[in-house]
Amino acid sequence: MIESSVVPQYADHKAGRGPEPIYDSARRPLPFWEELVEAWRYRDMVVQLVARDMKVRYKRSVLGVAWTMLNPLMMMVVLTLVFSHLFRVTLPHYPIYVLSAMVLWNFFAQSTTAAMSQLVWGGALLTRIYVPRTIFALSAVGTGLVNLLLSLVPLAAIMLATGVPLRPALAWLPILILLTAMFALGVGLLLSALAVSFPDVVDMYQIVLSAWYFLTPLLYPKTILPEAYHWWFNLNPMYHLVEAFRAPIYAGWPAGPHTLMAATAASCVALILGWVVFTARADEIVYRL
């Protein structure tokens, strides 16, 4: 229904006596900013979705939340048995070296995969009620953050059990977790924008993740590769994030300024790029689901 105040303006415009009327839809802010404001307004819903994901995941699990802490421990035991003899000379406290990287990698991999899956398979909600389109990626990263924090408990226990002290440099961890969350959200939004049009992206990403996993020094030190291949690490954002996260835990001091700056730059660029690309296509998402 057109408001009465608009009708005379429209008549004057048709008669050539006035400016073209302006409707509410013409005053929409930029998609980047509009989605950011709406995501903040719906922040309580993000919390509810995170709580739902946690309940659904552990509802029928015998171990419950304890599984989140046992899973990285079991992986660490397997990987330590396989690789410890290869790197025990150059890497003392190898279990801490592996586990400190694995908990961060699992957070990134699970969050980005869940961001795509929840939008593609759970996006029916968007066709029924209005919610910000970014809410699925935000809840996926939020769920991943809860799991990551739970995983830090067995990591701290193993550090004490193996003689690795808890040093003041651990105060850097919240900042590094935040940077990784920003990077995961940006990548998750970029992938979600593609997955809406091409659902096969969800399966293809698993192949990319597998290759990315082995190309990032999670299980091995960077020094085992010839220097001719070290250029790849500079281009790999997860290398900088993992090294920055692992340094306070394994080495006991903050990562170097180059690593911190590279991790910060990768996180900011990924988040801004992912948010801009995803929100630019936000209005198309409902019609493609």
request  = Per residue, how big is the convex hull around the C-alpha atoms of the stretch 87-223? Give it to me in cubic angstrom, could you?
outcome  = 116 Å³
Extended-chain gain in nm, criterion 0.36 nm per residue less alpha-carbon gap, His93 and Ile175 = 27.1 nm
ask   = Taking only the alpha-carbon atoms of the stretch 176-245, what semi-axes of the equivalent ellipsoid follow from 5 times the gyration tensor eigenvalues under a square root, in whole Å, largest first?
value = 26, 16, 9
key: For the stretch 239-251, Karplus couplings with θ = phi - 60° (6.51, -1.76, 1.60), whole Hz, Gly/Pro x   = 4, 5, 5, 5, 5, 5, 6, 6, 4, x, 7, 7, 8
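Compute the length gained on full extension between Arg281 and Tyr130: take 0.36 nm times their separation in residues and subtract their Cα-Cα distance, giving the result in nm to one decimal. Mind showing how you got there, number by number?
Details: separation 151, 0.36 × 151 = 54.36 nm, distance 1.57 nm.
So the extension gain works out to 52.8 nm.
FYI, it's all coordinate maths here, none of it is from the lab. As the structure is a prediction and not an experimental result, all values here were calculated from the model.
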